[in-house]
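The values are calculated or read from the model by the stated rules, or taken from the named source; none is laboratory data. Fair warning: this is a prediction, and the values are worked out from it, not measured in the lab. Reconstructed Cβ throughout: ideal geometry from the backbone, glycine too, with neighbour counts over all protein chains shown.
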Amino acid sequence: MRLAVTSDIHTDVNGPELLAALVDRARELAPDVLLIIGDIATAPAHYLQTLLALRAVVPRLLVVAGNHDVWTTPEAVAKGLDSWARLDHLLPALAAEAGAELLDRAPVEIDGVAILGSLGWFDFSTREHLLELPMEVYQKGNWGGLRWMDQVRAIWMEGDRRMEAEEVALRLRERLAAQMRACTAKKLVVATHMLAFAGQIHRRDFPEWRFVNAYMGSLGLGELIRSDPRVVLHLAGHTHLHSDLKLGKLRALVTPLGYKREWLGATPREAVHRSMKLLEL
Ligand SMILES: [Fe+2]
Ligand SMILES: [Fe+2]
């Protein structure tokens with residue numbers, strides 16, 4: 001299987017030129033499957049437009065949800081559209097409308113390889129202890145003028161109660177575990193938007209960066225992934241920085257596009273060339 005992969009394309013922020021470059025590159029690579037690991041667009045119209053454009057040039061398009069894809073507003077939540085409703089209903093419906101598939105509940109099996117996906121969520125296990133902040137500060141998402149927007153725009157409800165990030169991370173990890181248990185394939189690829197391994201967290205020596213690292217993922221996701229020797233490849237996004245790790249027999253690859261100021265390359269075409277990778281499985 002020829003699998004093309006990238007993440008964090010943020011087409012609502014990056015604009016039409018970037019989407020055109022993604023479409024061109026996907027057409028050139030001619031993969032069997034294109035996998036976009038989250039942070040596609042927040043507005044449903046942009047999300048759908050992006051998937052339609054990409055699906056037109058590849059035979060199979062798989063997507064994983066990103067945190068920006070499940071952002072909502074208190075007004076929308078009052079009408080029943082919290083982040084769970086976006087993940088479980090809106091995004092799968094938009095994907096289906098575009099002829100794509102959202103990976104979250106069940107794997108897709110191609111040529112004997114199962115591809116499993118999950119948004120995953122952060123549980124502050126990637127935080128840097130050097131900061132010595134109490135957990136409530138991370139839960140609020142406000143510190144020294146910084147605000148982590150998922151704590152504002154991702155609203156996960158259980159009845160009338162807003163769930164804490166740790167609960168969301170646990171629920172999504174259990175969903176992924178259930179997918180893995182039910183899967184009978186001999187070779188698995190697991191794609192999570194959130195990071196799963198300590199080696200994927202980029203350390204920088206200033207406090208703001210350390211604070212933000214608390215929101216990068218969950219080390220429990222990594223423990224789950226490594227508990228199953230069938231997993232040969234882990235793919236992630238969310239950070240807009242690249243990494244490619246070897247963890248025993250497991251390869252863990254992060255190959256995001258990110259926002260314009262973060263692109264590897266001066267033009268949309270160059271940036272897409274550096275971030276969309278073609279893998280043979
Ligand atoms: Fe992103
Ligand atoms: Fe993200």
Of the conditions (1) surrounded by 15 or more Cβ atoms within 10 Å (Cβ to Cβ); (2) modelled with pLDDT of 95 or more; (3) of a type in the set (Lys, Arg), residue 210 fails just one. Which one is it?
-> (2)
Name the helices (runs of 4 or more DSSP H) wholly within the stretch 1-110 that hold at least 1 residues that are buried (at least 18 other Cβ atoms within 10 Å of the Cβ) and within 16 Å of ligand 1 (Cβ to nearest atom)?
-> 11-14, 16-29, 44-55, 91-97
Which of the residues belonging to the stretch 216-244 are buried (at least 24 other Cβ atoms within 10 Å of the Cβ) and touching a residue at least 60 places away in the same chain (Cβ under 8 Å)?
-> 217, 218, 221, 235, 236, 237, 238
Out of all the residues in the stretch 7-21, is one or more touching a Pro at 6+ places or on another chain (Cβ under 7 Å) and within 16 Å of ligand 2 (Cβ to nearest atom)?
-> yes
Which pairs do you get when a residue that is at negative phi and without any contact (Cβ under 8 Å) to a residue 40 or more places away in the chain, found in the stretch 156-181, comes within reach of a residue that is surrounded by 16 or more Cβ atoms within 10 Å (Cβ to Cβ) and not in a helix (DSSP H, G or I), reach meaning Cβ atoms under 6 angstrom, with the pair 6+ apart or on two chains?
-> 163/156
Taking the stretch 111-159 as the search range and keeping residues that are outside any loop (DSSP other than H, G, I, E, B) and among the polar types (S, T, N, Q), which one is nearest to residue 34 (Cα to Cα)?
-> 118
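Go through the residues of the stretch 215-224 one by one and say whether even a single one is more than 16 Å from ligand 2 (Cβ to nearest atom) and more than 22 Å from residue 115 (Cβ to Cβ).
Step one: of the stretch 215-224, the residues more than 16 Å from ligand 2 (Cβ to nearest atom) are 219-220, 222-224.
With more than 22 Å from residue 115 (Cβ to Cβ) added as a condition, the list becomes 219.
Yes, because at least one residue in the stretch 215-224 is more than 16 Å from ligand 2 (Cβ to nearest atom) and more than 22 Å from residue 115 (Cβ to Cβ).
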Those residues of the stretch 2-55 which are touching a strand residue (DSSP E or B) at 6+ places or on another chain (Cβ under 7 Å) and either on the phi > 0 side of the Ramachandran plot or modelled with pLDDT under 95 (or both) amount to 8, 38, 39
